[in-house]
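Accompanying notes for the structure given below.
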Amino acid sequence: MDKEQLRVAISNGAPIAHSLSQLERKKEKASHPLLISVLLMVIPVHIFNLSMYTDAEADEMGFFVLLFVSIIGAFILRLLCFLPILNLIYFAYSGLLGNIIFFGKIKQLKREIENTYIEFSKKTGLPRTYCDTSTLNRFAYYLDHFLADNLKECAQMLDKERKHNQMMNKLEDIHEEAAAAADLVERNGDQHRYYK
């Protein structure tokens, strides 16, 4: 595919890629319904709260006060889920709920996503792996700045750029680990001097 054909494919594919990203976001929201999962978490928290009080104390506090305390407890529990292992458990919990509650909607969204990929391939002649707004924008950038003249060169430039970014991320991780190790050595050295 030469430069002009690729420009036409990019202009035809950009709206389709944008609609695909919207469908993917809808599918993600349906797969992991955060509000519903927090609200359903209120039930076990409420049962736990009821078990903490005697019947007389629970009657004295009132149903709505206990319910409000349970809702606050559920939101606090969700905030605690920013810890990695708890977040993983909560993510699985919300995913299970989403797949049960919105099974039909998720199935319909998957079908729409597949149809969007097919439409993208038909209208652009590009493989479905390029049905992404950022990828199409990168291709347009390569063409506009004379870094590539055809689809093959754009794909090679994109691959080089991704590999470079992965390498830079790895180097950044190594740098952070080295800085943490140097800090640890410095703190241990200070402690060693203190005890001499």
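The values are calculated or read from the model by the stated rules, or taken from the named source; none is laboratory data. Note that the structure is predicted; figures quoted are calculated from it, not measured. Every residue, glycine among them, receives a Cβ derived from its backbone with ideal geometry; neighbour counts consider all protein chains shown.
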Based on what the data block shows, is Thr116 in a helix (DSSP H, G or I), under 30 Å from Met157 (Cβ atoms) and touching a residue at least 40 places away in the same chain (Cβ under 8 Å)? yes
Inter-residue pairs, beta-carbon under 8 Å, first crowded, with 16+ Cβ neighbours inside 10 Å and in the stretch 139-150, second among the aromatic types (Phe, Trp, Tyr), 6+ apart: Phe139/Tyr130; Ala148/Phe139; Ala148/Tyr142
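Answer yes or no as to whether Gly125 is over 30 Å from His32 (Cβ atoms), of a type outside the set (Val, Ile, Thr) and either in contact with a strand residue (DSSP E or B) (Cβ under 7 Å, 6 or more places away or on another chain) or in contact (Cβ under 8 Å) with a residue 60 or more places away in the chain (or both).
Against the criterion (over 30 Å from His32 (Cβ atoms), of a type outside the set (Val, Ile, Thr) and either in contact with a strand residue (DSSP E or B) (Cβ under 7 Å, 6 or more places away or on another chain) or in contact (Cβ under 8 Å) with a residue 60 or more places away in the chain (or both)), Gly125 qualifies.
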Kindly evaluate Leu136 against the criterion of being surrounded by 12 or more Cβ atoms within 10 Å (Cβ to Cβ), in contact (Cβ under 8 Å) with a residue 60 or more places away in the chain and not in a helix (DSSP H, G or I). no
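Name the single residue, out of those in the stretch 16-71 being assigned to a helix (DSSP H, G or I), among the polar types (S, T, N, Q) and more than 30 Å from Lys107 (Cβ to Cβ), that is modelled with the lowest pLDDT. Don't jump to the end; show me each part of the working.
Here is the first cut: in the stretch 16-71, the ones assigned to a helix (DSSP H, G or I) are 16-31, 34-52, 55-61, 63-71.
Then keep just the ones that are among the polar types (S, T, N, Q); that gives 19, 21-22, 31, 37, 49, 51, 70.
From what is left, the residues that are more than 30 Å from Lys107 (Cβ to Cβ) are 49, 51, 70.
Working: Asn49: 71, Ser51: 77, Ser70: 78.
This residue is Asn49.
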Condition check for Asn87: of a type outside the set (A, V, I, L, M, F, W, C), surrounded by 13 or more Cβ atoms within 10 Å (Cβ to Cβ) and under 14 Å from Glu28 (Cα atoms): no
Considering each of Ile89, Ile76 in turn, give the residue that is modelled with pLDDT of 75 or more and in contact with a Cys (Cβ under 8 Å, 6 or more places away or on another chain). Ile89
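One line per residue, one yes/no per condition, for (1) in contact with a Gly (Cβ under 7 Å, 6 or more places away or on another chain); (2) loosely packed, with under 15 Cβ neighbours inside 10 Å; (3) on the phi < 0 side of the Ramachandran plot; (4) charged (D, E, K, R):
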{"residue": "Asp2", "(1), (2), (3), (4)": "no, yes, yes, yes"}
{"residue": "Gln5", "(1), (2), (3), (4)": "no, yes, yes, no"}
{"residue": "Leu20", "(1), (2), (3), (4)": "no, no, yes, no"}
{"residue": "Leu23", "(1), (2), (3), (4)": "no, no, yes, no"}
{"residue": "His32", "(1), (2), (3), (4)": "yes, no, yes, no"}
{"residue": "Ser37", "(1), (2), (3), (4)": "no, no, yes, no"}
{"residue": "His46", "(1), (2), (3), (4)": "no, no, yes, no"}
{"residue": "Met52", "(1), (2), (3), (4)": "no, yes, yes, no"}
